[in-house]
Amino acid sequence: MSGDVVLTKLKNVILNNGVLIEAFTGVGMVASIAANYMISNLQLDQVAAMDSDDFPPVSMIYNGRPKLPCRVYCSLELNLAVFTSEVPLPIRKHRAVASELIKWGTESGCTSFIAMDAIPREGEEAEEGARPAGELPPVWAIGTSDASRKKMKESGLETLQVGMITGVSAVMLNMGRIQKLDVIGLYADARTDIPDAAAAASLVSILNKLLRPRPFSLSLKPLLDEAKDIQVQLEKVRRQAEPAIKEPYNIYS
């Protein structure tokens, strides 16, 4: 493999005007929480896995079975694909990860892409750490094309006017602009001290709007009810993965 990022197809998939959602782990593990909630509740099927010699040597164990930390799931009925990774990857590989995702997506019939992440909370709210009971954090959006911005407007999304996005989602946005692809970036306001399930619920709420008229509708209540358990489980996973993401697998290199 020699450091190359390789996306291996486990099943051949052909979607009809499909949507690929990128949910790489980032601030508060928000995107990966939202993705795993979707995968479980929509019963998506794993169709591909991504690996590289430069990725941390980690195996995710679910239901007693090993899985690579970077995976693609799919629903032919929904014409929907979801990429998730619970483990941080070296920054030097983010461009290659985004490139492989877009290549796989376009070859599999995806005509639009959604990149999800979070933005750290700032100021007094970050110091206090708590939100009012029942309040979901806000989500900002960025569109690379007129079509994507039209979808944002129809869904009542607030546009991020000024700022800087980093990571895989940033590369997805840049590639969308260069290649004239419909890419929407979604960024929830998130806590940084814990895996933030409430911010993940905000992303799922927005997806319920963006993915219409597909038969896509996920209840937020189970995610919010189980937020504490989800945060504890993912914090445990993150601690277990820490030895593997240090040098020579430094995520900041």
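The values are calculated or read from the model by the stated rules, or taken from the named source; none is laboratory data. Model, not experiment: these values are computed from the prediction. A quick note on method: Cβ atoms are made from the backbone with ideal geometry, for glycine too, and the neighbour counts reach across all protein chains shown.
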Practice problem: Could you please find all residues in the range 140-166 being over 20 Å from Ser202 (Cα atoms), of a type in the set (Gly, Ala, Ser) and either crowded, with 16+ Cβ neighbours inside 10 Å or free of Cβ contacts under 8 Å to residues at least 12 places away in the same chain (or both)? | Solution: Ser145
Exercise. Please go through the range 12-38 and pick out each residue that is aliphatic (A, V, I, L, M), modelled with pLDDT of 90 or more and in contact with a Ser or Thr (Cβ under 7 Å, 6 or more places away or on another chain).
Key: Val13, Ile14, Leu15, Val19, Ala23, Ala31, Ala35
Quiz item: Any idea which residue in the range 25-56 is nearest to Leu80 (Cα to Cα), counting only those that are of a type in the set (S, T, N, Q) and surrounded by 18 or more Cβ atoms within 10 Å (Cβ to Cβ)?
Solution: Asn36
Quiz item: Can you pull out the residues in the range 1-49 that are more than 14 Å from the chain's Cα centre (by Cα) and part of a strand (DSSP E or B)?
Solution: Val6, Leu7, Thr8, Lys9, Gly18, Asp45, Gln46, Val47, Ala48, Ala49
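Any chance you could count how many residues in the range 88-105 are among the β-branched types (Val, Ile, Thr), touching a strand residue (DSSP E or B) at 6+ places or on another chain (Cβ under 8 Å) and farther than 18 Å from Ile184 by Cα? Step through it out loud before you land on a result.
As a first pass, look at the range 88-105 and keep what is among the β-branched types (Val, Ile, Thr): 91, 97, 102.
Next, only the ones that are touching a strand residue (DSSP E or B) at 6+ places or on another chain (Cβ under 8 Å) stay: 97, 102.
From the residues that got through so far, the ones that are farther than 18 Å from Ile184 by Cα too are none.
Within the range 88-105, residues that are among the β-branched types (Val, Ile, Thr), touching a strand residue (DSSP E or B) at 6+ places or on another chain (Cβ under 8 Å) and farther than 18 Å from Ile184 by Cα number 0.
Checking the conditions here, which among Ser59, Ser85 is touching a Cys at 6+ places or on another chain (Cβ under 7 Å) and under 21 Å from Met29 (Cα atoms)? Talk me through it step by step, then tell me what you get.
Values: Ser59 fails: touching a Cys at 6+ places or on another chain (Cβ under 7 Å).
Testing whether each residue is touching a Cys at 6+ places or on another chain (Cβ under 7 Å) and under 21 Å from Met29 (Cα atoms) leaves just Ser85.
Out of Ser219, Ser253, Ser202, which single residue is among the small types (Gly, Ala, Ser), modelled with pLDDT of 70 or more and surrounded by fewer than 22 Cβ atoms within 10 Å (Cβ to Cβ)?
Values: Ser253 fails: modelled with pLDDT of 70 or more; Ser202 fails: surrounded by fewer than 22 Cβ atoms within 10 Å (Cβ to Cβ).
Exactly one of Ser219, Ser253, Ser202 is among the small types (Gly, Ala, Ser), modelled with pLDDT of 70 or more and surrounded by fewer than 22 Cβ atoms within 10 Å (Cβ to Cβ), namely Ser219.
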Quiz prompt | Search result, residues across the range 50-89 that are farther than 30 Å from Arg212 by Cβ, part of a strand (DSSP E or B) and among the hydrophobic types (A, V, I, L, M, F, W, C) | solution = Met60, Ile61
Practice problem: Go through (1) outside any strand (DSSP E or B); (2) among the hydroxyl-bearing types (Ser, Thr, Tyr); (3) touching a residue at least 12 places away in the same chain (Cβ under 8 Å) and name the single condition Thr111 misses. | Solution: (1)
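Which residue is surrounded by the most Cβ atoms within 10 Å (Cβ to Cβ), if the candidates are limited to the range 1-24 and must be aliphatic (A, V, I, L, M) and free of Cβ contacts under 8 Å to residues at least 60 places away in the same chain? Steps first, please.
First, pick out the residues of the range 1-24 that are aliphatic (A, V, I, L, M): 1, 5-7, 10, 13-15, 19-21, 23.
Filter again for free of Cβ contacts under 8 Å to residues at least 60 places away in the same chain, leaving 1, 10.
Details: Met1: 10, Leu10: 12.
My answer is Leu10.
One residue is enough: does the range 58-71 have a residue meeting the conditions aromatic (Phe, Trp, Tyr) and at pLDDT 90 or above? Outline the logic, then answer.
Keep residues of the range 58-71 that are aromatic (Phe, Trp, Tyr), which gives 62.
From the residues that got through so far, the ones that are at pLDDT 90 or above too are none.
So far as the range 58-71 goes, no, none of its residues is aromatic (Phe, Trp, Tyr) and at pLDDT 90 or above.
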Self-check item: the range 188-197, subset closer than 21 Å to Ile142 by Cα and within 15 Å of the chain's Cα centre (by Cα), residue surrounded by the fewest Cβ atoms within 10 Å (Cβ to Cβ)
Solution: Asp189
